[in-house]
Amino acid sequence: MKLISVEEMQELSKLEGVQLVDVRTPSEYNDGHIAKSQNIDFWSPEFNQNIDGLDKSKPVIVYCKSGGRSAKCAAKLKEKGFKKIYDLDGGFLKWIFEGMPVVK
């Protein structure tokens with residue numbers, strides 16, 4: 001499990017097979033998200049089932065609004081046997097602060 005910067009995330013997300021996961025609520029996601037991310041709501045009752053659908057053999061990058069939920073998600077992924085887990089330091093707020101593109 002590794003905290004990564006916005007710059008590191010940009011590089012990692014270019015790699016083939018990387019799974020980018022936004023763990024915010026659907027309404028937060030619909031207000032704007034990082035391109036190619038999939039929304040798996042951390043607060044959803046189906047959260048555990050949804051993350052079980054991810055490929056454990058491929059790297060996973062998680063992010064939320066500021067880093068709290070994604071840190072908890074990264075810990076759950078580690079418990080479930082995922083090996084390459086990256087957490088965006090500062091979350092979506094940091095992404096926006098750095099002037100990175102957002103999909104609406």
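Here, each number is a calculation from the coordinates, and none is a lab measurement. Please read these numbers as outputs of a predicted model, since none were measured by experiment. Backbone-built Cβ (ideal geometry, glycine too); neighbour counts: all protein chains shown.
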What number do you get for segment 2-97 when its Cα radius of gyration is normalised by 2.2 N^0.38 Å, N = residues? 0.96
Fewest-first sequence of Asp41, Asp22 by Cβ atoms within 10 Å of each Cβ: Asp41, Asp22
For the chain, averaging the sequence separation of alpha carbon pairs under 8 Å that lie six or more residues apart and dividing by its residue count, the contact order in percent is 36
What residue among Phe47, Phe92, Phe82 has the largest mean-square fluctuation in a Gaussian network model of the chain, using Cα springs under 10 Å? Phe47
Neighbouring Cβ atoms within 10 Å as the yardstick, rank Val21, Val62, Val6, Val102 fewest first. Val102, Val6, Val21, Val62
Based on other C-beta atoms within 10 Å, arrange Glu16, Glu7 from fewest to most. Glu16, Glu7
